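Only the coordinates and a few stated rules stand behind these numbers; no lab work does. These numbers were taken from a predicted model, which means no experiment stands behind them. Neighbour counts are summed over all protein chains in view; Cβ atoms, including those assigned to glycine, are modelled from backbone coordinates with ideal geometry.
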Amino acid sequence: MSDGPGARSCALLGLVVAVVVAAVAASCAGGGRGDAASTSASNGAPAVTGTVVVFAASSLTDVFTQIADEVERAHPGVDVQVNAGSSSALAQQIVDGAPAAVFASADRAAMDRIGSRGVAPSAFATNELAIAVPTGNPAGVTDLAAFGDPARRTGLCASTAPCGRYARQSLERAGITPVPVTEEPDVRSLLAKVASGDLDAGIVYVTDVRAASTTVDAVPVDGDDQVRAQYLIAPTRPPDGGRPTAAAIVFVDWVLGPGRPTLRAAGFGVP
């Protein structure tokens, strides 16, 4: 996208103000509390409250759990629930009417799939591929060539998942036709099979290997064969239309702003 995180945050700020003002006005008119926000008893300023259901790519599991804690500490009235899985599967669930308030995908194709339910998606992080092997690398895997060797037990993410598409792009660049013994629905499922020793190797993200460093080792992917993943995030409209909630916009703004150091510390690239 041409807009950077700063411009995106300004746009979202305008939207959250509109949502909060509407909620406060409704609360005053009805003598009760609005769905998206309530009025702070201490200073009369709008206080954002509510539950935020975040549908996030599997590779974001750990870092979004940390960011959720940060948001909840900064906004005590907000409860963040992270539902992680394959970006493609999550996108289909949103299309089918799942009540996601925020969607964070590991590629643009999944974000595009939710259509008008996603409001102004923004790129917020990048990632790179790595070969995960069991601790000690017992099969002696040194590069991507292992994925074309039928004598090796290798695995990939399913081709419908971003991690599977990125891995196949990398293998194609290396001129290797993969012969995986399994295709897993998401990157965490693949990583678990490597960590258990069921597989000699699997192509995952650098951040996943880093998060599981006590159970797997990393073999780097050659620079010429490397593929960079781009992550996008957007608040989503309710299934029946309308605006995203104020709490959802608060979470997205945190990812685009104060959450950037947390993403960087987890090994993600931050634009």
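Tally Lys and Arg at +1 and Asp and Glu at -1 over the other residues with C-beta under 9 Å from the C-beta of residue 158: what net charge comes out? Overall, the nearby charge balance is -3.
Computed packing ranks the peptides 228-234, 171-177 as 228-234, 171-177, most packed first, by mean other Cβ atoms within 10 Å. Fully extending the segment from residue 215 to residue 143 would add 24.0 nm, taking 0.36 nm per residue of separation and subtracting the current Cα-Cα distance. Rounded is the label for region 127-228, because a/c, from the alpha-carbon gyration tensor with a ≥ b ≥ c as root eigenvalues, stays below 1.5.
Report, in whole Å, the centroid distance computed from the Cα atoms of region 76-147 and region 190-245. Comparing the Cα centres of region 76-147 and region 190-245, I get a distance of 7 Å. Over all other residues within a Cβ to Cβ distance under 13 Å of residue 189, the charged ones net out to -3, with Lys and Arg as +1 and Asp and Glu as -1. For region 235-262, the residues whose amide N sits under 16 Å from a probe point set 7 Å from the Cα of residue 83 along the beta carbon direction are 235-241, 245, 248.
Return the Rg/Rh value of region 58-174, two decimal places, where both radii are evaluated on C-alpha atoms and Rh is the Kirkwood radius. Ratio of gyration radius to Kirkwood radius for region 58-174: 1.05.
From most to least packed by mean Cβ count within 10 Å, the peptides 98-111, 256-269 give 98-111, 256-269.
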